[in-house]
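For reference, the structure is listed below as structure tokens.
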Amino acid sequence: MAGAAHCSLQAKRLLLDPKFEGYKLSLEPLACYQLGLDAAVAEVKLRDDQYTLDHMRAFGMYNYLHLDSWYQDNVYYVDQFGRVMNLSVTLDTALQKPREVFRLPTDLTAYDNRLCASIHFSSSTWVTLSDGTGRLYLIKSGKRGNSASEKWEIVFNEELGSPFIIAHSISFIKSDMHSVAVLLLRVEKDELDTKGSGFHITLEWVTIAETSKEGDHRYEIFKRRVLQGKSVPHYAAIEPSGDGLMIVSYKPFKFMQDEDDKLEENGDAKATNEKKDPLYYWQQTEDDVTITVHIPQDITKDDIKVCFSPDNICVTLKDQPPLMEGKLYSSVDHESCTWIIRENKSLEISLIKRNEGSRWPELIVGDTRGEFIMDSSQCSEIAESLMHLTSEVMNPNPEKENPPCNAQELEECDAFLEDSASLCRFDGDTLKVTHVINLGSNQYLFSVVVDPREMPCFCLRHDVDALLWQPHSDQPENMWEHIATFNALGYVQASKQDKKFMACAPDYSYAALCECLRRVFIYRQPTPLSTVLYNRKEGRQVGQVAKQLVATLEANDPILGFQATSERLFVLTTKTLFLIKVNSGN
């Protein structure tokens, strides 16, 4: 991850509610409708050789219900006959039976080692589909959602190796060429891994592009790239432009390169390993910065040009390209800056800091060709400032001050396994990590599509709350925007030990989670009260209240799919599709 920008997530204080009082259990009835399915959902249970936690995460906890975010209240699932079934809702009281929109050409029962079929809606008219045997279909669907123009037509169909599920896909146009990029997730046996689980995870990034040969328009594979890691990613999505991808995972991913690339990289590594002398050396005090640059013997004072400005410096020798150029870490008093040539043929530049007392971690932003030299007095000063962090005695006086946080006071639901996940942004051309965020204790909760033209949002736990983040790949200064908060949801969900899926409405009006069997919990955002309510303990009037609702489904089968829209929740079991009306339509 060398060279990657280490970033942080900036929460918007206006979206946080420090005075949130909790959820009030509401007994208001929820309208619940159910549809019996003509054929059972094509559930694929884990085999005996799929025994790891990663297998359970990727396939055992798979969401068999697919929400088409391009069209409101439009869901799909695949049944045991290989039929892609659709339910499009306009009126809850006049529900139609799910209808067949496509049938997989493969006889799925003939495959022993297949995975579940998976669907992803790349755009309003394009769909990617996997049958779980290792075959990928690219489908032109026309406008979907009970539309007369909906007709699913295969334009690309190819075997791509071992079975996979589709993690994400997008449709985009670049250089007047239509392309579809898709991420394929696999859990594969790793013969070299003798100490771990014996498996590794691969994400294959496949780009399929339209080609035109002698007037014949076809779709062919344009590019295939593979990332490998040691844990199933919580979140993996391609940027809308197709130029990069973002991954949230417990363990890092990296691109696997071809032999030619490896040789080239090894050559680069050798070149960088050969120790090069720094281009310049620099020192600093609280008031100034001194730079020393070695110059060739034949250079005279007239050949040197040094330009100072409040935030930049440029050093040029003769008519050559600038020797040093760039933005300074902090502002200087450019009119007081000077330079001289020393007897040992070195150029010495003195910069006067505008902000006295500040310590610069670097001289020129992003320039690594220089070396900082620290004098002995600065070393001892820093060591002294860090002295309070160390001690020669183990826990010398624990009673002196109570620690701000006592781990023994944490409740069981506050502890979770993965406390060091990271969010990485990969560049599609260089295949290198460009941005990385250490999520630390910000536990990943779920992802949701708020705007189908943007990347999916991800929800993280921050303290007791759950914060929703929208990635903006085209905005480097605001690459991850905090767009909504679900108060106390981080704490509430941790206590639900049987939870299987989590979701939220695209308009953030509620969040919901379901258990493996029957029960669904809904958490509404705080709303103003129509009647006067007093908090007796504090003797003040309460202006708004957040409600928790609980729905219990009349089903004995496990929940296989769970999706939320702004108006309703869809819950899929083996033989039934439930609709829970949460909000009334506008």
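The values are calculated or read from the model by the stated rules, or taken from the named source; none is laboratory data. Just so it is clear, the structure is predicted and the values come from calculations on it, not from any experiment. Ideal geometry is used to build each Cβ from the backbone, glycine not excepted, and the neighbour counts take in all protein chains shown. Each accessible area value is taken on the protein alone, full model and side chains, heavy atoms only, with ligands, DNA and RNA left out. Shrake-Rupley method; radii C 1.70, N 1.55, O 1.52, S 1.80 Å.
Let's see if you can work this out: charge +1 on each Lys and Arg Cβ, -1 on each Asp and Glu Cβ, no other charges. What is the dipole magnitude of the stretch 283-372 about its Cα centre, in debye to the nearest 20?
Value, rounded to 20: 140 debye.
Taking a probe of 1.4 angstrom, what is the accessible area of TYR23 in Å², to the nearest 10?
That residue has around 50 Å² of solvent-accessible surface.
Give the carbon-plus-sulfur fraction of the accessible surface of the chain in %, rounded to a whole number; probe 1.4 Å, heavy atoms of protein chains only.
Summing carbon and sulfur atoms, their accessible area is 48 percent of the total for the chain.
Stretch LYS24-GLU454 to full length: gain in nm at 0.36 nm per residue minus the Cα-Cα span?
Working it through step by step, the gained length comes to 151.4 nm.
What list of ³J(HN,Hα) couplings, whole Hz, do you get for the stretch 40-50 from phi and the Karplus terms 6.51, -1.76, 1.60, once you set θ to phi - 60° and write x for glycine and proline?
5, 5, 7, 6, 10, 7, 5, 7, 5, 8, 10
If you roll a 1.4 Å probe over the heavy atoms of the protein chains, what accessible area per residue do you get for the chain, in Å²?
In whole numbers, the chain has 54 Å² accessible per residue.
Hey, rough spin-label estimate for GLU286 and ASP216, points 7 angstrom out along Cα→Cβ, what's it come to in nanometres?
In this crude label model, GLU286 to ASP216 measures out at 7.9 nm.
Between their Cα atoms, which of LYS174/LYS213; LYS12/LYS496; LYS24/LYS500; LYS140/LYS174 are more than 21 Å away from each other?
Pairs exceeding 21 Å: LYS12/LYS496; LYS24/LYS500.
Over all directions, how big on average is the projection of the convex hull of the alpha-carbon atoms in the stretch 283-372, in square nanometres?
5.7
For GLU43 and SER509, compute 0.36 nm times the residue count separating them, minus their Cα-Cα distance, and round to one decimal in nm.
Difference between extended and current length: 164.6 nm.
Peptides 445-454, 350-359: what's the order by average Cβ count within 10 Å, highest mean first?
445-454, 350-359
Ranked by accessible surface with a 1.4 Å probe, highest first, in what order do THR573, THR211, THR109 come?
THR109, THR211, THR573
With +1 on each Lys and Arg Cβ and -1 on each Asp and Glu Cβ, and nothing else charged, work out how big the dipole of the stretch 167-235 is about its Cα centre, in Debye to the nearest 20.
That gives the stretch 167-235 a dipole magnitude of about 220 debye.
Quick one: of the DSSP bridges fully inside the chain, what percent are antiparallel, nearest 5?
The antiparallel fraction comes to roughly 95 percent.
What FRET efficiency do you get for LEU91 and VAL436 if R0 is 45 Å and r is their Cβ-Cβ distance, rounded to the nearest 0.05?
0.40
Which one, THR52, ALA484, THR527, is farthest towards the positive end of the dipole of the chain when Lys and Arg carry +1 and Asp and Glu -1 on their Cβ?
THR527
Which label belongs to the value computed from this structure, given these candidates for P(r) over Cα pairs in 20 Å bins from 0, in percent: (i) 11, 21, 10, 5, 5, 9, 14, 12, 9, 3, 0; (ii) 16, 42, 29, 12, 1; (iii) 17, 41, 26, 12, 4, 0?
(ii)
State, as an integer percentage, the relative contact order of the chain based on alpha-carbon contacts under 8 Å between residues 6 or more apart.
Normalised by residue count, the contact order of the chain is 14 percent.
Mind checking which lysines have their C-alpha under 20 Å from LYS230, skipping anything on the same chain fewer than 8 residues away?
Filter leaves LYS189, LYS195, LYS251, LYS254, LYS432.
What length, rounded to one decimal in nm, is gained on full extension from ILE340 through to PHE81, with 0.36 nm per residue of separation minus their alpha-carbon distance?
Working it through step by step, the gained length comes to 84.9 nm.
Peptides 241-250, 282-291, 548-557, 90-99: what's the order by average Cβ count within 10 Å, highest mean first?
241-250, 282-291, 548-557, 90-99
What is the set of long-range amide H partners of GLU371 at a cut-off below 5 Å, with H atoms built 1.01 Å from backbone N?
TYR280, TYR281, TRP282
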